[in-house]
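The values are calculated or read from the model by the stated rules, or taken from the named source; none is laboratory data. As the structure is a prediction and not an experimental result, all values here were calculated from the model. Don't worry about glycine lacking a Cβ; one is built from the backbone with ideal geometry, like all the others, and counts go over all protein chains shown. With ligands, DNA and RNA removed, areas are computed over all heavy atoms of the protein, side chains included. Shrake-Rupley method; radii C 1.70, N 1.55, O 1.52, S 1.80 Å.
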Amino acid sequence: MRPKYNPTIEDCIEAIIARDRGMPYPEVLKTFELTPNKFARTISMELGSYIALTSGERRKILEGIISDPERRRELFNMGEEFVKEQYDRIQGRIHREKQSHFYHGTHFHPKNVDALVYYALTSNNPSLSSNCRNVVIEGIKNLPLDLAKYFMKIGLRGLMSNEIACRGKADSPLAILKIFDKVYRQKTGDASLFDLSQKEHLHRWGDNFMAPSLTGTIKPI
C-alpha cells in the first residue's frame, strides 16, 4: 500500500492519536498511509491547528500532547528495526529502495539515536557487537585515528552536531562513542568501556579527550 501524498486532516489526527495510544510507528504509517516526513510535519507544524477541529476525548488527547514535550517526542520513537532499515537504504545496502537522508524526526528521539549509532558502528565493524569487553575495546582502538572524519564517512555526520546526541558539544566524536558505550552497557550489563577502575578500558584518544571515571553498570536488556 503506497503512502498518500495528500492525506486528509482526519487521517493525520487519527494517526497522531493512534501513535500516542501505543500503535508502533511503522504500523501507524501503514495504517494511515502516511510518509514519515508527512507524519513528522503533522506533529511539528500542524498539531496546534487540529485542536479547533476536534472535540471531546480527541481534543483532550491533542491538548495533552501539545502541553507535554516528552509525550510529543515519544511520537517519534520509530523502533530499532525501522531505524536500521533507514540506515541500510541510505548506505545503499537495499538497492531496491533508495533513501538519501534520514526521515525528519529520526534524530528527535534518544532511542532512535541509540539504535542508529550502535547499528552504524557494529554493522561496519562486526567485532564491536561482541559481548566480550576486550574484543570491543580492541575494536574501538582499531578505528581510524580521525574519528570525526570516519563517523561522517559511515553516515553519522548529522549526529555529531545533533543536540540530543552531543548535548551541546558540536562535532564531537566522543559523543558518538558515549552513545555506543551506553548501548553496550544496556546490552551486556558490563561497566562502562571508559571505566578506569576496570582492567581493560578506554583511557585517552589522542588529544581529544580523557575518559571519565565511571563505575556504574546497567542491567542487561
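What the stretch 43-117 shows is 55 Å² of accessible area per residue, with the surface traced by a 1.4 Å probe over protein heavy atoms. Measuring from a point 7 Å past the Cα of THR35 along Cα-to-C-beta, which residues in the stretch 108-129 have an amide N at less than 20 Å? Under cut-off, by backbone N: 108.
Give the distance, in whole Å, between the Cα centre of the stretch 105-164 and the Cα centre of the stretch 1-59. One Cα centre to the other: 32 Å.
With respect to the cross-link table entries LYS30/LYS141; LYS111/LYS149; LYS30/LYS60; LYS60/LYS187; LYS84/LYS149, which display a Cα-Cα separation exceeding 31 Å? Distance filter (> 31 Å) returns LYS30/LYS141; LYS60/LYS187. Amide H contacts of LEU196: LEU214, each under 5 Å away and 5 or more positions distant or on a separate chain (H built 1.01 Å from N in the peptide plane; Pro and chain starts excluded). For the stretch 46-134, the fraction of 1.4 Å probe accessible surface lying on carbon and sulfur atoms is 49 percent.
Between SER123 and ILE94, the simple spin-label model (points 7 angstrom out along Cα→Cβ) gives 0.9 nm. A cut-off of 5 Å between modelled amide H atoms, ignoring neighbours fewer than 5 places along the same chain, links MET78 with ASN112.
Measuring only protein heavy atoms, the 1.4 Å probe finds ASP20 accessible over about 40 Å².
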